[in-house]
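Read the structure below first, then the notes.
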């Protein structure tokens, strides 16, 4: 088993500082459960921890303040909607590479498969390369095809390409 260490950051700044509501959090947990089932086929498990009170710093661009970033974890920032500097295509998701590996999830625009799609970018190490428009198109198409196959019971060894990264460890999982 390959265990993915995930630090979930629920946006305390959403809804004018009230944070995410129970319905939004429940939607996220359904998406996480779907990802758990899907990637389990390929031998990946999740160890999910939650940090409360997180928010984005948004002067000229969106940034997670360093006090919320935990070493050795894939950071998953969950919010109501993403700013255009993070999600210019309004897909509801975005991923970026190290040293602080991040996934941004905007629940308003996201579909049920968005979280699995963004995880796939990290698992195949797409986020280790400098993104280009054509490269991202190819990676999106390839990952969506592999995710479709995985949903139909086919293990995808390429999703284990992240083994050895600080947040991907051989071992057991908690979720």
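Throughout, read-outs are computed from the coordinates displayed, never taken from laboratory work. Predicted, not measured: the structure shown is a model, and the values here were computed from it. Neighbour counts run over all protein chains shown; Cβ positions are idealised from the backbone, glycine included.
Table for the structure above
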| item | result |
| --- | --- |
| Sorted peptide list for 101-110, 43-52, 144-153, criterion being average Cβ within 10 angstrom, highest first | 101-110, 43-52, 144-153 |
| Förster-model FRET efficiency, 35 Å R0, residue 80 and residue 155, C-beta, rounded to 0.05 | 0.50 |
| Net length gained if the chain between residue 141 and residue 16 were fully extended (0.36 nm per residue, minus Cα distance) | 41.4 nm |
| Modelled FRET efficiency - R0 22 Å, residue 109 with residue 57, Cβ distances, 0.05 increments | 0.55 |
| Counting DSSP beta bridges with both ends in the chain, the antiparallel % (nearest 5) | 30 percent |
| Which label in [x] -0.38; [y] -0.34; [z] -0.47 gives the computed log10 I(q)/I(0) by the Debye sum over Cα atoms at q = 0.10 Å⁻¹ | [y] |
| Volume per residue of the C-alpha convex hull in region 1-62, rounded to whole Å³ | 97 Å³ |
| Label zone at residue 41 (point 7 Å along Cα-to-Cβ), backbone N below 16 Å, region 141-155 | 142-155 |
